[in-house]
Amino acid sequence: MVKKKIAKVLAFRYKILAAILILLAGGLVLLPKYQKHEGIKPEELLSNTISPERYMTTDRLAHILINQDPSFILIDVRDEKSFASYSLPNAINIPLEKLFDEGSDSYLNQNQFDVVLFSNDNFYADQAWILCNRLGYKHMRVLKGGVNEWYATIINPLKPADNMPVTDFELYATRKAASMFFGVVYPEQVKVEAPVIVKEAPKKVITIEKKKKAEAEGGC
Amino acid sequence: MGPLIPNGVIPFEWDNIIAILIGIAFGFVLEASGFSSSRKLAGVFYGYDFAVLKVFFTAALVAVIGVYYMDYLGFLDVNQLYVHPTYLWGAIIGGIIMGVGFVAGGFCPGTSLCAVAIGKIDAIVYVGGIMVGIFIFSELYPLFQPIYEGYFYGNVTLEDSLGINPYWFVFIFSIIAIVAFVISDMVQKRVKKIFY
Amino acid sequence: MKKELKQKSKHIYWNPYYGGFLLGILILFTFYLTGRGLGASGAMKSSVVSIIESVAPTHAEESSYYSKFITEDESPMKNWLVFETLGVLIGAFISGGLSGRIGWRIQHSPKITSKRRLVFAVIGGVLFGLGAQIARGCTSGAALSGMAVLSTGGFITMLAIFGSAYATAYFFRKNWI
């Protein structure tokens, strides 16, 4: 009896196998799709995050801006309102929530320029930095301290006390010069010059096309 | 996360040892499925034995379904796998020549090696013929170069070139395969049996 | 007589679906480990290149095709596919040995002579070798492994091989049936 049953099932075995095959293949179609993350591995992201390279000081930025270094793009990740009220010269506004919109990709995902992200402090810029790094975008930097630090150091540098070392005075002198460059007028300055408008040619951005990895080699 | 060797999970030195082990399994499966017999292989073209069709399609289906499931579950990255490059006319002309060679000789390179291993003299001659063929190609390479290197479409998959969803394609492909299996069984019943 | 043969030709080989399933798992496993598919004709190409290199080194270097596969420090035989092919020989020998299929013989249809079989084997081999080079792969390397990753070239090669084989099968029917 049992044997008969087994034989009956076995007679259907090819049909059963075919059904399993179709089920498995159909499963692929029906499985809920999820967006697979692209970009770098968590370990790589972590090592990028720890690296001190990712910050840029305001002094360095001021230096770059004064020299009109063409290899940098400044990106303001604050909202449009703050951007309209004040921003760094030549900055581009890409609010954090619009970071992955169509248009912004060409600024972020490229190999040509160094990108400096900034917000009011580090906070939002860091978030943007992490997101971009996760996607494997290269040459991302964060302005240390953001706009607030920019104000505190470059625009309105604190005059060092008399008992401070000479390097501080030198730094103050540079910062003061820089702030004058950015249009701040000091009382001791009698001759008032019109603020220099730093203008750069609009940057041409070349987006990198992602190439398929083909590390493995061929058959025969 | 696979593939393991390109991603450095298994050290590269193991590559050749793994090659031998995979080869042993490949040879064993081919031989045990009867691919060392040229008359069994040729049967697919005359309708008396469809083993080639069945093994070939089952293997391709199992592999492709497995690859996409492993990709889905995150064990394997489909984008990192080697995709056979598409040289359109090279593939067509080469395939046509290979097809004639297949019927005439009754082997393909992989199966002829299996037959060599169990001492088939016709297979040894066939492998010699393949080498002569490669030699002819290499000597006349300037002649073949335009087909060999031209019409290059990159390492494209059907997803890239036809724009179809790979999952749907696998599903349709498996239905086609099952229909082919059923038809081949029906044909086999009608064709005169041949014993070899 | 015929009954005897029938019993002989039954059950000596695996069920094709079983063999196909194992082969598919093997291809999947190969992709998982190495990121590449199986191959067979590549090893023969390597042997041809190394033979030519040892027989006529200057000719091999001058030729635009051989020189692609010759590197300074490594022999063309030190190649993944060559090792894999060695494995194929061993594996087939084990399988043939287990089921007692080993022995020197020429397999052919009773209607043709051994000589004719050998002549056609050479012709087939030459054509297959030539075609495999033009298409950059044979049935295992291009068609089977290509199909496993849905490569367009793999599908085209597979269709071309089977299409032309079916189209010309009629002319070779005497050899097989």
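Values as computed for the structure displayed
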{"quantity": "Residue among C:Ile25, C:Ile51, C:Ile70 that is at pLDDT below 80 and surrounded by 13 or more Cβ atoms within 10 Å (Cβ to Cβ)", "calculated": "C:Ile70"}
{"quantity": "Matching entry among C:Ala160, C:Ala121 (being of a type in the set (A, V, I, L, M, F, W, C), without any contact (Cβ under 8 Å) to a residue 24 or more places away in the chain, part of a helix (DSSP H, G or I) and at the interface with chain B (Cβ under 7 Å from one of its Cβ atoms))", "calculated": "C:Ala121"}
{"quantity": "Residues satisfying the stated conditions in segment B:138-173, i.e. closer than 17 Å to B:Pro85 by Cα and of a type in the set (D, E, K, R)", "calculated": "B:Glu149, B:Glu159, B:Asp160"}
{"quantity": "Qualifying residue in segment C:97-111 (condition: part of a helix (DSSP H, G or I), assigned by TED's automatic domain parsing to the domain that holds C:Thr30 and out of contact with any strand residue (DSSP E or B) (no Cβ under 7 Å at 6 or more places or on another chain))", "calculated": "yes"}
{"quantity": "From B:Glu13, B:Glu31, residue being of a type in the set (D, E, K, R), in a helix (DSSP H, G or I) and surrounded by fewer than 18 Cβ atoms within 10 Å (Cβ to Cβ)", "calculated": "B:Glu13"}
{"quantity": "Of the criteria (1) farther than 30 Å from C:Ile52 by Cα; (2) among the small types (Gly, Ala, Ser); (3) over 22 Å from the mean Cα position of the chain (by Cα), which one B:Gly119 fails", "calculated": "(1)"}
{"quantity": "Selection status of C:Leu127, within 7 Å of chain B (Cβ to nearest Cβ), closer than 27 Å to C:Ser54 by Cα, in contact with a helix residue (DSSP H, G or I) (Cβ under 8 Å, 6 or more places away or on another chain) and not in a loop (DSSP other than H, G, I, E, B)", "calculated": "yes"}
{"quantity": "Pick from segment B:94-109, criterion closer than 22 Å to C:Ser114 by Cα and among the small types (Gly, Ala, Ser), ranking: farthest from the other protein chains (Cβ to nearest Cβ)", "calculated": "B:Gly106"}
{"quantity": "Residue that is surrounded by the fewest Cβ atoms within 10 Å (Cβ to Cβ) [pool: residues in segment A:94-126 that are more than 20 Å from A:Lys144 (Cβ to Cβ) and of a type in the set (S, T, N, Q)]", "calculated": "A:Asn111"}
{"quantity": "Any chance B:Ala117 is at the interface with chain C (Cβ under 7 Å from one of its Cβ atoms) and in contact (Cβ under 8 Å) with a residue 60 or more places away in the chain", "calculated": "yes"}
{"quantity": "Residue list for segment C:12-30, filter: of a type in the set (Ser, Thr, Tyr) and under 14 Å from B:Gly110 (Cβ atoms)", "calculated": "C:Thr30"}
{"quantity": "Conditions (1) farther than 27 Å from C:Leu38 by Cα; (2) buried (at least 17 other Cβ atoms within 10 Å of the Cβ); number of the one not met by C:Arg105", "calculated": "(2)"}
{"quantity": "Test: residue in segment A:43-53 that is within 14 Å of chain B (Cβ to nearest Cβ) and not charged (D, E, K, R)", "calculated": "no"}
{"quantity": "Set C:Ser145, C:Ser114, C:Ser140: member being surrounded by fewer than 22 Cβ atoms within 10 Å (Cβ to Cβ) and either farther than 17 Å from C:Gly35 by Cα or not assigned by TED's automatic domain parsing to the domain that holds C:Arg36 (or both)", "calculated": "C:Ser114"}
{"quantity": "Among the candidates B:Ser184, B:Ser112, B:Ser138, B:Ser174, residue that is polar (S, T, N, Q), more than 7 Å from chain C (Cβ to nearest Cβ) and free of Cβ contacts under 8 Å to residues at least 60 places away in the same chain", "calculated": "B:Ser112"}
{"quantity": "Wholly within segment A:22-131, helices (runs of 4 or more DSSP H) carrying at least 2 residues that are more than 13 Å from the chain's Cα centre (by Cα) and of a type outside the set (Asp, Glu)", "calculated": "A:42-50, A:58-67, A:80-85"}
{"quantity": "All positions within segment B:19-35 that are at pLDDT below 90, at the interface with chain C (Cβ under 7 Å from one of its Cβ atoms) and touching a Leu at 6+ places or on another chain (Cβ under 7 Å)", "calculated": "none"}
{"quantity": "Matching residues, segment C:23-38, being of a type in the set (A, V, I, L, M, F, W, C) and either in contact with a Phe, Trp or Tyr (Cβ under 8 Å, 6 or more places away or on another chain) or touching a residue at least 40 places away in the same chain (Cβ under 8 Å) (or both)", "calculated": "C:Leu23, C:Leu26, C:Ile27, C:Leu28, C:Phe31, C:Leu38"}
{"quantity": "Filter pass, C:Ile177 being touching a residue at least 60 places away in the same chain (Cβ under 8 Å), more than 7 Å from chain B (Cβ to nearest Cβ) and more than 30 Å from B:Phe169 (Cβ to Cβ)", "calculated": "no"}
{"quantity": "Yes/no for C:Met77 being modelled with pLDDT of 85 or more and hydrophobic (A, V, I, L, M, F, W, C)", "calculated": "no"}
{"quantity": "Members of segment C:56-85 that are touching a residue at least 12 places away in the same chain (Cβ under 8 Å) and in a helix (DSSP H, G or I)", "calculated": "C:Tyr66, C:Phe69, C:Trp80, C:Leu81, C:Val82, C:Glu84, C:Thr85"}
{"quantity": "Residue match in segment B:151-165 (condition: closer than 24 Å to C:Arg136 by Cα, crowded, with 20+ Cβ neighbours inside 10 Å, touching a strand residue (DSSP E or B) at 6+ places or on another chain (Cβ under 7 Å) and at the interface with another protein chain (Cβ under 9 Å from one of its Cβ atoms))", "calculated": "yes"}
{"quantity": "Qualifying residue in segment B:70-82 (condition: assigned to a helix (DSSP H, G or I), under 16 Å from the mean Cα position of the chain (by Cα) and facing chain C (nearest Cβ under 7 Å))", "calculated": "no"}
{"quantity": "Filter result for B:Ala91 (more than 15 Å from the chain's Cα centre (by Cα), at the interface with chain C (Cβ under 7 Å from one of its Cβ atoms) and assigned to a helix (DSSP H, G or I))", "calculated": "no"}
{"quantity": "Residue match in segment B:124-131 (condition: within 7 Å of chain C (Cβ to nearest Cβ), in contact (Cβ under 8 Å) with a residue 60 or more places away in the chain and over 22 Å from C:Gly19 (Cβ atoms))", "calculated": "no"}
{"quantity": "Test: B:Leu41 is more than 11 Å from C:Val88 (Cβ to Cβ) and not in a loop (DSSP other than H, G, I, E, B)", "calculated": "yes"}
{"quantity": "The one condition in (1) modelled with pLDDT of 80 or more; (2) in contact with an Asp or Glu (Cβ under 9 Å, 6 or more places away or on another chain) that A:Val29 fails to fulfil", "calculated": "(2)"}
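The values are calculated or read from the model by the stated rules, or taken from the named source; none is laboratory data. As the structure is a prediction and not an experimental result, all values here were calculated from the model. For neighbour counting, all protein chains shown are included, and Cβ atoms are generated from backbone atoms with ideal geometry for every residue, glycine included.
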